[in-house]
Amino acid sequence: MMKPKRIALLLILGLALLSGCRQPINNKTELKTNTTEIITLLKSQRTQLESINTAYEKLQQQLPQAQKKSPNTNLLTDKNSRVYQLNQTATTSYQTSQDNLKKLASINTRLKDTAAQKVSNLPNSAILKLNQSLHIIQLDHESLEKFMEAYQKDQTELFKSAPDLINDDSDELNVLISQSNQYLGAVSQELEIYQVNLNSSLSRAEELLTAVK
């Protein structure tokens, strides 16, 4: 059994590590490094969102022509299909965007703590503006996540049903495609809003970096 003193020591070390992650930025060099990382992450995020939108738009265009060429195939699960490849591109880009956001959220927590400290030699107003802007894109990402889940669920059902419907030459497939297009329209609209706020965050980050130099 672990001794009480050792348990206490481990708890203290754990708390120290956690508090270290939350420590405010207290000098210009550190602020410059963090702001530069934010700019890199925001630019990557912009690229990932563009990739998602482009891949999904191309994917939607594959139906019904691609289904007619492979009438008995679920194109979304067929690794040789263009639909599958485009979906993988979108999925990979979305995962990267989520990873980027986690890193941005971690840095933004420190920015918030830094702004609260009001360190005299730091551009506190610019820090606060960036902090607020990054918080907005976090909210954008949460909204995007909901739209993405709805679209992906509908997409799965569409491609699962498509082989039977294309063989039956049914108008129902066109109805399902139209429905899927509506879901994608909602995703695209959210991506557009996200991109606008992303560009705003990038401008705020660049302004902060200039203020630090």
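Observations on the model:
- Relative to the longest principal axis of the Cα atoms of the chain, the long axis of helix 82-117 makes an angle of roughly 20 degrees.
- Shape analysis of the range 163-213 yields a ratio of the Cα radius of gyration to the Kirkwood radius, Rg/Rh, of 1.49.
- Net charge dipole size for the range 99-213 [Lys, Arg +1 and Asp, Glu -1 on Cβ; Debye, nearest 20]: 1320 debye
- Under 5 Å between amide hydrogens, built in the peptide plane, is the criterion, and for residue 25 it picks out 114 among residues at least 5 positions away or on other chains.
- Cβ charges +1 (Lys, Arg) and -1 (Asp, Glu), total dipole of the chain, debye: 1640 debye
- When the chain is reduced to its Cα atoms, the Kirkwood hydrodynamic radius in Å: 20.0 Å
- Rel. contact order, % - alpha carbon contacts under 8 angstrom, at least six apart, the range 87-190: 24 percent
- By the rule of a C-alpha distance below 17 Å, with chain neighbours fewer than 8 residues away ignored, the lysines paired with residue 103 are 32, 43, 112.
- Environment charge of residue 85, counting only residues whose C-beta is closer than 12 Å and scoring Lys/Arg +1, Asp/Glu -1: +2
- With neighbours defined as other Cβ atoms within 10 Å of a residue's Cβ, the residues 92, 73 order from fewest to most as 92, 73.
- Taken over the range 108-164, the convex hull of the Cα atoms encloses 69 Å³ per residue.
- Note: relative contact order over the chain, using C-alpha pairs below 8 Å and six or more positions apart, is 31 percent.
- Across the range 196-213, rounded Karplus estimates of 3J(HN,Hα) from the backbone phi angles (6.51 cos²θ - 1.76 cosθ + 1.60, θ = phi - 60°) give 4, 5, 5, 5, 5, 4, 5, 5, 5, 5, 5, 5, 5, 4, 5, 5, 6, 5 Hz, Gly and Pro being marked x.
- Within the chain, helix-based [θ] at 222 nm, where runs of 4 or more DSSP H residues each add -39,500 (n - 2.57), nearest 500: -30000 deg cm²/dmol
Read the figures in this text as sums done on the coordinates, not as results from a lab. Computed from a predicted structure; not experimentally measured. Please note: Cβ atoms are built from the backbone with ideal geometry, for glycine as well, and neighbour counts cover all protein chains shown.
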